[in-house]
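Student: Please find one structure pasted underneath; my questions will follow.
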Amino acid sequence: MSKAIIVGGGIGGLATAVALTRHGWAVEVLERAPSITEVGAGLSLWPNALRALDALGLGDEVRARAVEEGSAGIRDSKGRWLSRVDADTVRARFGSPIMMHRADLLDVLRSALPEAALRPGISVTEARTDGTVVHSAGSCTGDLVVGADGINSVVRRAVCGDIVPRYSGYTAWRLVVTPTKPITGIGESWGRGERFGFGALSDGRVYCFATANMPAGTPGGGLAELRRRFGAWHDPIPTLLASAEESAVLKHDLYDIPALKTYVADRIALLGDAAHAMTPNLGQGACQALEDAVVLARVATEDPDLSRYDKQRRPRTQMIAARSRRIGTIAQLSWSPAVALRNTVVRLIPASVQAKSLAPVLDWSC
C-alpha cells in the first residue's frame, strides 16, 4: 500500500487525505496546532468546489450544513447598486454556490478520516524530495509528501526555495455575529479603500468581512474601528456591527505569493496556499485547494511522476490568483475620481457579461 505524508491539517490537507484514502492510500496528516479546528469565519463554496466535494463523496453532507446563496451583487457605501448577479442565472449555468462556516467543512472532512491518520501537535521542520519529513517528534517517510502547510510553507522550500509572500496593501477583518433580526442573503459594498461584505449562515448567524487599505502590521483594529469605519454605511451593516462582540473579531493582513515555477519536485507536491496563496476577492482559495486535492490523488495513484498534476493545476490556479489580485486592486481604490470612474464602469457592465466572466473560474469538472 502506498503511503502519503500530508503536512497541514487545513481544508486542503484534509481533503487530500480523504481523496488519497479513497484511492487506497495510507495517509498521515501532520498538523502543528494542538487540535484540528477552525474558528470565526464563513466560507463561500462555489460550484467548482462542490463538484470536487462530490468527487470525494462528501457533497451532500456539506450541502446539508450550508445555505444556498441567493441573489447577490455589489453596492456602494450608501447602498446604491453597482452590479447585481442573479443567482438563477448562475445556478442554471454553473450550479448553486453555498455559504457555510469553515469549521463545519473542516468537521465533515475530518470525520471522513480514521482518527489514527491525524497527528496534531507535530511541527515539521524540513521536507526532502526523497519523501522524508523531519518533524518535532522525529521523522517519517512516504511515497508522496503533500505540502498543504499554508502561505509560509516549510515544505515549499524543498520545491522552490524561499518564497517571500507579498502584502496586498490592505488588511481584513472577519467575524461571525448573531443579529438581533433575521438577515438573509449575501452582499458586498465598496467604498473608498474599504469594503464590507456579509453572508447568512444556515443557523441564523451571519458571517461578516471587511477590508481597508493600511500599512502591513498596523496595530489595533478591533470592533471599535470597524464601527467607526462602517457604522454609517447602509443597512444591514450597522445592525450587524451592533450585534458583534469584540471577542469574535479576527484581523489579518492579506498576502499572496508570486507565481511559482513548479508545484512538484520528485515525491513532493504542493497544494492550496502553499502553492498558490491568493487574496480572497474571488472566494476561491478553499475552492482551489479542494480541486487540487481531487486532481493530486488521481494523478499520484496513476503515476509516480507528479508532473501531470503540475501541468493541470498550475496554469489554472495562477490565472485565478492573478484575477483575484486585479479585482482587489480595483475594489480597494481610494482616490475619489478613480472610485467614481470605477463605480460608473461597473454599473455599465451588463449582468450577462458578468455571468459569462465567471466561466473560466467555475467551469471546472473532475
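Student: Cα axis of helix 102-111 to longest principal axis of the chain: angle in degrees, 0 to 90, nearest 10?
Tutor: 20
Student: Follow-up. Can you list residues whose amide H is under 5 Å from G79's amide H, if they're 5+ apart or on another chain and H is modeled 1.01 Å from N?
Tutor: Distant-sequence amide H within range of G79: H234.
Student: For labels at A322 and R347 in the simple 7 Å Cα→Cβ model, what's the distance in nm?
Tutor: 3.2
Student: By per-residue mean of other Cβ atoms within 10 Å, what is the highest-first order of 231-243, 316-328?
Tutor: Working: 231-243: 16.7, 316-328: 18.2.
Most protected by this proxy first, the peptides run 316-328, 231-243.
Student: Please tell me the relative contact order of segment 59-112 in percent, rounded to the nearest whole number, where contacts are Cα pairs under 8 Å and at least six residues apart. Don't skip to the answer; put the middle values down first.
Tutor: Values: 50 pairs, mean separation 21.2, N = 54.
In percent, rounded to a whole number, it is 39.
Student: Using the per-residue mean of other Cβ atoms lying within 10 Å as a proxy for protection, in what order, highest first, do the peptides 137-149, 165-177 fall? Write out the running numbers ahead of the final one.
Tutor: Values: 137-149: 21.2, 165-177: 19.5.
Going from most to least packed, we get 137-149, 165-177.
Student: Around D235, with a cut-off of 11 angstrom between Cβ atoms, what is the net charge of the other residues, counting Lys and Arg +1 and Asp and Glu -1? Could the numbers behind the result be given before it?
Tutor: Working: positive: R75, K78, K181; negative: none.
Net charge in that neighbourhood comes out at +3.
Student: Among residues other than L333 whose Cβ falls under 10 Å from its Cβ, what is the net charge (Lys/Arg +1, Asp/Glu -1)? Intermediate values should be presented prior to the final figure.
Tutor: Details: positive: R192, R342; negative: none.
Every neighbour counted, the sum reads +2.
Student: Just to be sure I understand the model, the point goes 7 Å from the Cα along the line to the Cβ. What's the resulting V134 to E225 distance in nm?
Tutor: That separation, rounded to one decimal, is 3.9 nm.
Student: Count charges around S365 for me, please; just the other residues with Cβ under 11 Å from its Cβ, Lys/Arg as +1, Asp/Glu as -1.
Tutor: Working: positive: R51; negative: D54, E291, D363.
Spelling it out: positives minus negatives among the neighbours equals -2.
Student: Oh, and also: Please give the Cα centre distance for segment 14-89 versus segment 156-210, rounded to the nearest Å.
Tutor: Comparing the Cα centres of segment 14-89 and segment 156-210, I get a distance of 14 Å.
Student: For helix 285-302, what angle does its Cα long axis make with the longest principal axis of the chain, in degrees from 0 to 90 and rounded to 10?
Tutor: For helix 285-302, the angle is close to 20 degrees.
Student: Let me ask you something else. Quick one: 3J(HN,Hα) in Hz for segment 259-265, Karplus 6.51/-1.76/1.60 with θ = phi - 60°, rounded, Gly and Pro as x.
Tutor: After applying 6.51 cos²θ - 1.76 cosθ + 1.60, I find 5, 6, 7, 7, 9, 9, 8 Hz.
Student: By its C-alpha gyration tensor, with a ≥ b ≥ c as the square roots of the eigenvalues, how is segment 105-161 shaped: rounded for a/c under 1.5, else prolate for a/b larger than b/c, else oblate? Display every interim value, and only then the final one.
Tutor: Values: a/c = 1.95, a/b = 1.55, b/c = 1.26.
Prolate, because a/c is 1.5 or more and a/b exceeds b/c.
Student: Return E68, E31, E38, E194 ranked ascending by Cβ neighbour count within 10 Å, so the fewest neighbours appear first. Walk me through the intermediate numbers first.
Tutor: On the way: E68 12, E31 24, E38 15, E194 19.
Ascending number of Cβ neighbours within 10 Å: E68, E38, E194, E31.
Student: While we're on this one: Could you tell me which of rounded, prolate or oblate describes segment 70-206, using a ≥ b ≥ c as the square roots of the eigenvalues of the alpha-carbon gyration tensor, with rounded for a/c under 1.5 and, failing that, prolate when a/b is larger than b/c and oblate otherwise? Don't skip to the answer; put the middle values down first.
Tutor: Values: a/c = 2.51, a/b = 1.90, b/c = 1.32.
Since a/c reaches 1.5 and a/b is larger than b/c, the shape of segment 70-206 is classed as prolate.
Student: Apply 1/(1 + (r/R0)^6) to the Cβ-Cβ distance of A26 and D162, taking R0 = 41 Å, and write down the FRET efficiency to the nearest 0.05. Can you show the working numbers first?
Tutor: Numbers: r = 31 Å, r/R0 = 0.76.
Computed FRET efficiency for A26 and D162: 0.85.
Student: Can you classify segment 141-211 as rounded, prolate or oblate using the Cα gyration tensor, where a ≥ b ≥ c are the square roots of its eigenvalues, rounded means a/c under 1.5, and otherwise it's prolate if a/b beats b/c and oblate if not? Mind showing how you got there, number by number?
Tutor: Values: a/c = 4.58, a/b = 1.89, b/c = 2.42.
Cα axes put segment 141-211 in the oblate bin.
Laboratory data are not the source of any read-out in this text; all were calculated from the coordinates shown. Because the structure is predicted, anything quoted here is derived from the model rather than measured. Cβ: placed from backbone, ideal geometry, glycine included. Neighbour counts: every protein chain shown.
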